[in-house]
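Structure record follows, encoded as structure tokens.
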Amino acid sequence: MSILTAAQRLAFAIALLVGSALLAPPAGADVIPVKDLRNGITMTQAQCASLPSAVWLSLHGRAFCIRYYLSNAGGEGTRPVVFLDGDKLGALNMRTGEYRNDPETDKDIDTDNLDRIAEILSKRSKTTAIYLGRIGLDGSSGDHRWRHSLLELHVTDAALDAIKRRHKFEGFHLVGQSGGSTLVGGVLGLRTDIGCAAIGAGRIYNPSWQWPKAPAGLTTEQFNPADRVAIIAQRRETRIMVITDPADQRVSEKNQTPFVQMLRFAGGKVDHFMVQATDENRHNMTPYAVTAAVACIRGDSSQDIAQSLTKLVERRLADKAKADSNKTEPLKTAQPNMQTQLRPVQPPFR
């Protein structure tokens with residue numbers, strides 16, 4: 001789950017992808033009020049058709065308008081890199097279905113920022129890039145309370161199919177953060193057209209989740225990507241990379257490493273990189289997932305990716321230490337053993 005505000009997301013995306021400062025939003029921005037996000041978004045097919053880039057889907061008795069933000073600023077390719085972001089709107093009470101009020105997450109969404117992230121990701125990866133809106137978020141219709149569900153998974157898969165047909169793509173590369181990574185793990189069990197898949201801080205193993213057997217279960221029941229490792233292991237053309245901070249306070253390493261172990265036991269190939277995040281909850285894997293995905297698209301070896309991630313960890317920790325030294329009050333998130341935890345990222349067995 002993601003705890004960044006909309007403004008922080010954009011600033012962070014700009015910084016991690018190209019190292020530049022936050023850009024000023026252009027005039028005429030398409031802003032989605034947070035109150036609409038919390039209540040769920042409905043849309044007609046005509047409204048969907050009027051949007052710049054969106055696909056209309058009918059799935060399991062429901063209609064969805066899924067919005068996506070495509071850029072060829074860095075180059076064009078037949079296998080674009082698709083970014084799926086983490087959960088938003090704060091903590092969800094599963095008993096009442098209500099979000100907990102949080103000034104850090106109660107922010108409107110400016111879709112121009114999402115266009116900008118896609119543009120930066122395209123420049124970084126030197127190919128077509130897509131920021132894909134999840135159901136109920138980022139301009140897409142639906143209800144975000146259906147996050148991590150089979151419904152969200154199958155809508156995401158159907159949206160990729162529709163985008164693929166529209167633009168005549170051959171397939172995709174996938175990058176995920178947290179809840180978006182959970183979707184990436186689920187999509188790997190459904191698709192055979194994925195090149196590189198970078199899974200950052202994803203809940204991809206949870207023994208309490210069950211994959212429903214009956215079609216009637218394809219609604220709000222949660223899915224467990226690890227249930228499909230036998231199928232995922234057969235995806236020989238897909239290069240899978242799991243990026244983890246062992247001290248992640250939002251999604252435990254115990255919800256990630258077993259997926260890797262199970263996939264290898266089933267005969268699959270997967271890289272598992274251990275890194276150190278610099279946010280308060282040690283949860284933000286996006287800079288590392290993007291770096292790994294770009295290197296994978298470039299054809300780098302596991303050893304090369306590990307070295308790139310090591311350099312990125314060192315740089316981000318140095319930047320954090322410098323920023324902390326300029327603060328008048330001690331930083332609550334400082335770790336006393338930060339330096340001892342910093343170690344080279346080891347190339348994983350594949």
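Residue-level check: of (1) buried (at least 24 other Cβ atoms within 10 Å of the Cβ); (2) under 16 Å from the mean Cα position of the chain (by Cα), ASP157 misses just (1).
Within segment 201-214, residues that are open to solvent by 30 Å² or more (accessible area, probe 1.4 Å) and hydrophobic (A, V, I, L, M, F, W, C) have Cβ atoms under 8 Å from residues that are at pLDDT 75 or above and not in a loop (DSSP other than H, G, I, E, B) in no pair, counting only partners at least 6 apart in sequence or on another chain.
Could you please give the count of residues in segment 273-287 that are touching a helix residue (DSSP H, G or I) at 6+ places or on another chain (Cβ under 7 Å) and either open to solvent by 20 Å² or more (accessible area, probe 1.4 Å) or more than 22 Å from GLN249 (Cα to Cα) (or both)? Show your work before the answer.
From segment 273-287, those touching a helix residue (DSSP H, G or I) at 6+ places or on another chain (Cβ under 7 Å) are 273, 275-276, 278, 286-287; that's our starting set.
Within this subset, residues satisfying the condition of being either open to solvent by 20 Å² or more (accessible area, probe 1.4 Å) or more than 22 Å from GLN249 (Cα to Cα) (or both) are 278.
Adding up the residues that qualify gives 1.
Residues in segment 293-312 that are surrounded by 24 or more Cβ atoms within 10 Å (Cβ to Cβ) and among the β-branched types (Val, Ile, Thr): 1 in all. Within segment 77-88, is even one residue in contact with a strand residue (DSSP E or B) (Cβ under 7 Å, 6 or more places away or on another chain), surrounded by 16 or more Cβ atoms within 10 Å (Cβ to Cβ), assigned to a loop (DSSP other than H, G, I, E, B) and among the aliphatic types (A, V, I, L, M)? No - not one qualifying residue is present in segment 77-88.
Against the test of being of a type outside the set (Gly, Ala, Ser), more than 23 Å from THR310 (Cβ to Cβ) and in a loop (DSSP other than H, G, I, E, B), the options LEU183, LEU190 yield a single qualifying residue, LEU190.
Before we move on, is ILE163 touching a strand residue (DSSP E or B) at 6+ places or on another chain (Cβ under 9 Å) and open to solvent by 10 Å² or more (accessible area, probe 1.4 Å)? Give the derivation first.
On the way: touching a strand residue (DSSP E or B) at 6+ places or on another chain (Cβ under 9 Å): yes; open to solvent by 10 Å² or more (accessible area, probe 1.4 Å): no.
No: the conditions fail for ILE163.
Only residues that are more than 20 Å from the chain's Cα centre (by Cα) and either without any contact (Cβ under 8 Å) to a residue 60 or more places away in the chain or surrounded by fewer than 16 Cβ atoms within 10 Å (Cβ to Cβ) (or both) were counted across segment 246-268, and they come to 7.
Look at ILE243 and say whether it is open to solvent by less than 10 Å² (accessible area, probe 1.4 Å), outside any helix (DSSP H, G or I) and either modelled with pLDDT of 95 or more or over 30 Å from GLY97 (Cβ atoms) (or both).
On the way: open to solvent by less than 10 Å² (accessible area, probe 1.4 Å): yes; outside any helix (DSSP H, G or I): yes; either modelled with pLDDT of 95 or more or over 30 Å from GLY97 (Cβ atoms) (or both): yes.
Considered against the rule, which asks whether it is open to solvent by less than 10 Å² (accessible area, probe 1.4 Å), outside any helix (DSSP H, G or I) and either modelled with pLDDT of 95 or more or over 30 Å from GLY97 (Cβ atoms) (or both), ILE243 comes out as yes.
Under the condition of being within 21 Å of VAL82 (Cβ to Cβ) and either in contact with a helix residue (DSSP H, G or I) (Cβ under 8 Å, 6 or more places away or on another chain) or surrounded by fewer than 19 Cβ atoms within 10 Å (Cβ to Cβ) (or both), the residues counted in segment 42-53 number 3. The residues on offer are VAL290, VAL229, and the sole one that is modelled with pLDDT of 95 or more, open to solvent by less than 10 Å² (accessible area, probe 1.4 Å) and under 26 Å from SER149 (Cα atoms) is VAL290. Of all residues in segment 54-73, those being part of a strand (DSSP E or B) and either of a type in the set (Asp, Glu) or open to solvent by 40 Å² or more (accessible area, probe 1.4 Å) (or both) number 5. For segment 296-306, the count of residues that are within 18 Å of ILE204 (Cα to Cα), of a type in the set (Gly, Ala, Ser) and outside any helix (DSSP H, G or I) is zero.
Could we say that SER125 is closer than 22 Å to GLY90 by Cβ and of a type in the set (Gly, Ala, Ser) here?
So SER125 does not fit the description; no.
The values are calculated or read from the model by the stated rules, or taken from the named source; none is laboratory data. In this text, all values refer to a predicted model and were calculated from it rather than measured experimentally. Cβ coordinates were reconstructed from backbone atoms using ideal geometry, including for glycine residues, and neighbour counts include every protein chain displayed. Note: areas computed on protein heavy atoms with side chains; ligands, DNA, RNA excluded. Shrake-Rupley method; radii C 1.70, N 1.55, O 1.52, S 1.80 Å.
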